[in-house]
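Visitor: Got a structure for you, written out below as structure tokens; questions coming shortly.
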Amino acid sequence: MKPITLTKAECVRRARNLNQQAIAYRSCGKKVWARELVQKRKQYMAAARLFA
């Protein structure tokens, strides 16, 4: 599989989408799934900060 190079905007967009999913999971009581999504969100935001 080819590695994917993301732009800063794409990293931020994916992080926001993951955050919305995490909020939905948390409200449904699926806290473990929400925690995993928050970890992924943090990784995307860290990648976006590298562009700054």
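The values are calculated or read from the model by the stated rules, or taken from the named source; none is laboratory data. These numbers come from a predicted model, not from an experiment. Counting neighbours? That spans all protein chains shown, and the Cβs are built from the backbone with ideal geometry, glycine included. When the accessible area is computed, the model is the full protein with side chains, heavy atoms only, and any ligands, DNA or RNA have been set aside. Shrake-Rupley method; radii C 1.70, N 1.55, O 1.52, S 1.80 Å.
Visitor: As I understand it, the value is the acute angle between the Cα axis of helix 31-51 and the longest principal axis of the Cα atoms of the chain; what does it come to in degrees, rounded to 10?
Guide: Compared with the principal axis, the helix lies near 20 degrees.
Visitor: What list of ³J(HN,Hα) values in whole Hz, one per residue of the stretch 12-19 in order, does the Karplus curve 6.51 cos²θ - 1.76 cosθ + 1.60 (θ = phi - 60°) give from phi, with Gly and Pro shown as x?
Guide: Per residue, the Karplus-derived 3J(HN,Hα) values read 5, 4, 5, 5, 5, 5, 5, 5 Hz.
Visitor: Still on this model: Given the rule -39500 (n - 2.57) for each run of at least 4 DSSP H residues, summed and divided by the residues of the chain, what is its mean residue ellipticity at 222 nm, to the nearest 500 deg cm²/dmol?
Guide: Here the helix-only value at 222 nm equals -28000 deg cm²/dmol.
Visitor: Shifting gears a bit: Can you give the accessible area per residue of the chain, in Å², using a 1.4 Å probe?
Guide: Working: 4390 Å² over 52 residues.
Per residue, the chain has an accessible area of 85 Å².
Visitor: Per the 1.4 Å probe, what fraction of the accessible area of the chain, in percent, lies on carbon and sulfur atoms?
Guide: Roughly 57 percent of what the probe reaches on the chain is carbon or sulfur.
Visitor: Pop a pseudo-label 7 angstrom from the Cα along the beta-carbon direction at both Arg49 and Val32 and give the gap in nm to one decimal.
Guide: Using points 7 Å along Cα→Cβ, the separation is 2.9 nm.
Visitor: Take every Cα-Cα pair in the chain and report what % of them are more than 12 Å apart.
Guide: Pairs farther apart than 12 Å: 62 percent.
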